[in-house]
Amino acid sequence: MESYDALLASITPTTGETRTILDPATGTAVGEAPVHTVEDLERAIAAAQAAQPAWAALGHDARSAALLKAADAVERSAEELAHLLSREQGKPLNGPNARFEVGACAAWLRATAGTPLDPETVVDDGETRAELHYRPIGVVGAIGPWNWPMMITIWQIAPALRMGNAVVVKPSEYTPLSVLALAAVINEELPEGLLTVVSGGRDVGARLAEHRAIGKVMFTGSTATGKAIIRSSADTVKRLTLELGGNDAGIVLPDADPKAIAEGLFWGAFINTGQTCAALKRLYVHDSLYEAVCSELTAVAAAMPMGVGLDEANVLGPLQNRAQYDIVARLVDAARDSGARILLGGNPDDGRPGYFYPTTLVAD
């Protein structure tokens with residue numbers, strides 16, 4: 001795919017330290033990511049500070065128009081972005097996966113651009129009148145995850161840009177290429193310096209969270225890292241938006257039809273191969289339907305094609321990284337050791353490359 005190669009080349013560093021990013025499905029190299037430093041972050045923040053006032057001065061209508069053009073740019077490069085996302089993150093092209101995620105990026109840009117932000121009258125009683133106006137913060141820091149790297153980055157940056165802020169993004173070290181490519185496409189329609197991706201390590205994230213020029217930090221990821229960001233941001237009393245880990249439950253009541261709900265329950269748990277903060281972690285089933293629900297879920301899981309994301313037939317991919325693979329393996333082993341029943345599983349070491357783990361259902 002010539003245009004895919006061009007997109008990848010546009011974000012490949014020609015100087016400086018790089019790190020090879022591997023496809024979690026095959027173990028082959030996807031591309032080279034820059035290893036940015038705290039000094040690179042400082043330059044990005046300085047550029048953002050310089051670009052932000054003029055962007056804010058444009059007003060809501062002009063900024064919305066720019067975001068709509070950015071959505072058009074994402075749609076023009078949608079297939080290339082989806083292929084890169086599939087190769088780097090592991091999720092298949094089809095199903096609620098790579099193409100879905102890229103499409104959601106364009107849709108979210110459009111929805112954000114179309115959100116009305118007119119002044120609101122808070123009090124008007126004849127004697128007192130008060131209005132609420134929306135103004136930008138300045139420079140916003142966005143620290144993203146590896147499970148939905150493009151979509152969650154858009155969730156972070158689109159509203160910030162719409163409000164007149166500049167944004168400095170620190171992507172996950174596991175999926176930097178996807179975010180670099182998405183930003184490169186969006187930046188076709190934005191002023192220089194307004195949106196910058198700094199692809200560094202934990203030192204870069206820590207500095208971003210504590211930096212005095214950053215007025216707000218958005219983070220999606222682990223609770224432990226979220227706590228660290230809260231501590232780092234405390235001295236400057238930053239605004240924070242933190243989306244941390246979940247432990248979501250489902251309940252099946254006795255009037256449910258197990259066959260009718262099985263596929264919905266499956267995707268509630270295993271969307272993105274289970275790598276979603278809001279994924280179903282626990283399922284409580286009424287005794288009268290317990291065996292039927294177990295049977296129907298097993299049938300759905302057994303029929304789901306899993307494999308390399310670029311295979312158009314697959315809808316489940318690998319776990320994104322070795323650390324996540326090991327966590328899942330430990331959870332399944334712990335459940336088995338505690339007496340739980342494994343409804344569908346197999347040998348994780350099945351000879352496939354990458355971090356594939358069998359779709360595993362555990363019943364108490």
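The values are calculated or read from the model by the stated rules, or taken from the named source; none is laboratory data. These numbers were taken from a predicted model, which means no experiment stands behind them. Cβ atoms come from the backbone with ideal geometry, glycine included; neighbour counts cover every protein chain shown. The area values use the complete protein model at the heavy-atom level, side chains included, leaving out ligands, DNA and RNA. Shrake-Rupley method; radii C 1.70, N 1.55, O 1.52, S 1.80 Å.
Assorted remarks:
- Scanning residues 5 or more positions from residue 243 or on other chains, those with amide H under 5 Å from its amide H are 219, 220, 221, with H placed 1.01 Å from N in the peptide plane.
- Globularity ratio of segment 192-259, using Cα Rg and 2.2 N^0.38 Å: 1.67
- For the options 353, 116, 145, a Gaussian network treatment of the chain with springs between C-alpha atoms closer than 10 Å singles out 116 as fluctuating the most.
- Angle in degrees between helix 223-233 and the longest Cα principal axis of the chain, rounded to the nearest 10: 20 degrees
- Euclidean distance between Cα centres, segment 144-195 to segment 28-44, Å: 14 Å
- Neighbours of residue 116 by Cβ distance under 12 Å: Lys/Arg scored +1, Asp/Glu scored -1, total -2.
- Spatially proximal lysines relative to residue 91 (Cα-Cα < 24 Å; intrachain offsets below 8 disregarded): 170, 281
- Local charge for residue 158 was computed over the other residues whose Cβ lies under 12 Å away, with Lys and Arg +1 and Asp and Glu -1, and equals +3.
- Model label zone, residue 57; criterion: amide N under 19 Å from point 7 Å along Cα-to-beta-carbon; scope segment 107-147: 135-139
- On segment 193-277, 54 percent of the accessible area sits on carbon and sulfur atoms, based on a 1.4 Å probe.
- The string of couplings for segment 98-103 from the Karplus curve (6.51, -1.76, 1.60, θ = phi - 60°) is 5, 5, 4, 5, 5, x Hz, one whole number per residue in order, with x for Gly and Pro.
- Taken per residue, the accessible surface of the chain reaches 47 Å², heavy atoms only and a 1.4 Å probe.
- Label zone at residue 249 (point 7 Å along Cα-to-Cβ), backbone N below 11 Å, segment 277-300: 282-285
- Other residues within the sphere of radius under 12 Å centred on the Cβ of residue 261, judged by their own Cβ, net out at -3 (K and R +1, D and E -1).
- Cα convex hull, segment 54-209: 120 Å³ per residue, rounded to a whole number.
- Rolling a 1.4 Å probe over the protein chains gives residue 174 an accessible area of about 100 Å².
- Whole-Å distance, taken between Cα centres, linking segment 290-364 and segment 75-91: 24 Å
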